[in-house]
Amino acid sequence: MRLLVVEDEGGLAATLRRGLSAEGFAVEVVADGLRGLQRASTGAFDAIILDVMLPRLSGHQVVRQLRARQVWTPVLILSAKDGDYDQADGLDEGADDYLTKPFSFVVLIARLRALLRRGAQPRPAVLRAGPLSLDPATRRVTVGERPVELTAREFGLLEYLMRRPGAVMGKRELYAHVWDGVVLGDLNVVEVYVGYLRRKLGDDAVETVRGAGYRVPVPDAADLSGRDSA
Ligand code: CA
């Protein structure tokens, strides 16, 4: 198994190289984010160990750009910060796991082996359907190149629909997932918010499937609506 280590602290980089090689891994070490991105983009590695604070490009930028390039190599982030916010950031951006420094080498190996078992499955961090794109990490929504401002509830509704593009979702399901609908309120609120989304994103952004619900259409794809509308 071939590993890329992106770490600018010389001592730690040398320790990682030695330890990982002793475990039987082929290890390449680079010391800055830009070089890390270049090497990782080749897709020649089975996993990447990535520091956050790096010269030229941060670890966060590296993982975002890798995923944007459709490179799905598992990434384990080494973070010097231990704030939940920082860790959540890394995972939102498409990293698979993280360890906070200082970490135990035994734990690193165990986590690494778990990632290697999972392999490089596509797992897009940015949701796309036709001209729509939605980034859960930055909460950025665009139609083509045009950025669109959504309220929190509008964003929640669109995100839920875009998690399964092409699938029809009934008002009850949407209400339950977007409005914390334990107590059933007025389902017409869903229709009202679909209206808001259409006004901001264009009439075609959300389709009504009569008697069944709503969906975000996927152009040139098979009809995925059978599950709910049959
Ligand atoms: Ca560093």
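The values are calculated or read from the model by the stated rules, or taken from the named source; none is laboratory data. Quick caveat: nothing in here was measured; it's all calculated off a predicted structure. Positions of Cβ are backbone-derived with ideal geometry, glycine not excepted, and every protein chain shown enters the neighbour counts. Side chains are part of the model used for accessible areas, which takes the heavy atoms of the whole protein and leaves out ligands, DNA and RNA. Shrake-Rupley method; radii C 1.70, N 1.55, O 1.52, S 1.80 Å.
Conditions first: (1) closer than 20 Å to A40 by Cβ; (2) touching a Ser or Thr at 6+ places or on another chain (Cβ under 8 Å). L132 passes all but one, so which condition is the exception?
Single failed check for L132: (1).
Conditions tested, residue by residue: (1) on the phi > 0 side of the Ramachandran plot; (2) open to solvent by 30 Å² or more (accessible area, probe 1.4 Å); (3) assigned to a helix (DSSP H, G or I).
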| site | (1), (2), (3) |
| --- | --- |
| V107 | no, yes, yes |
| L115 | no, no, yes |
| A137 | no, yes, no |
| L150 | no, yes, no |
| G156 | no, no, yes |
| Y160 | no, yes, yes |
| L174 | no, no, yes |
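Just to verify a result, which residue in segment 56-76, among those that are part of a loop (DSSP other than H, G, I, E, B) and open to solvent by 50 Å² or more (accessible area, probe 1.4 Å), is farthest from the ligand (Cβ to nearest atom)?
Q70
Could you list all residues from segment 88-105 that are among the polar types (S, T, N, Q) and either open to solvent by less than 20 Å² (accessible area, probe 1.4 Å) or at pLDDT 90 or above (or both)?
S104
May I ask you to list the residues in segment 42-55 that are surrounded by fewer than 18 Cβ atoms within 10 Å (Cβ to Cβ) and either outside the structural domain of R67 (by TED's automatic domain parsing) or at pLDDT 95 or above (or both)?
Residue satisfying the conditions is P55 alone.
Of all residues in segment 9-31, how many are surrounded by 18 or more Cβ atoms within 10 Å (Cβ to Cβ), outside any helix (DSSP H, G or I) and either within 16 Å of the ligand (Cβ to nearest atom) or over 28 Å from the mean Cα position of the chain (by Cα) (or both)?
Adding up the residues that qualify gives 2.
Only one residue in L115, L91 is free of Cβ contacts under 8 Å to residues at least 24 places away in the same chain and not small (G, A, S), so which one is that?
On inspection, the qualifying residue turns out to be L91.
Name the residues in segment 121-140 that are in contact with a Phe, Trp or Tyr (Cβ under 8 Å, 6 or more places away or on another chain) and in contact (Cβ under 8 Å) with a residue 60 or more places away in the chain, would you?
Passing the criteria: none in range.
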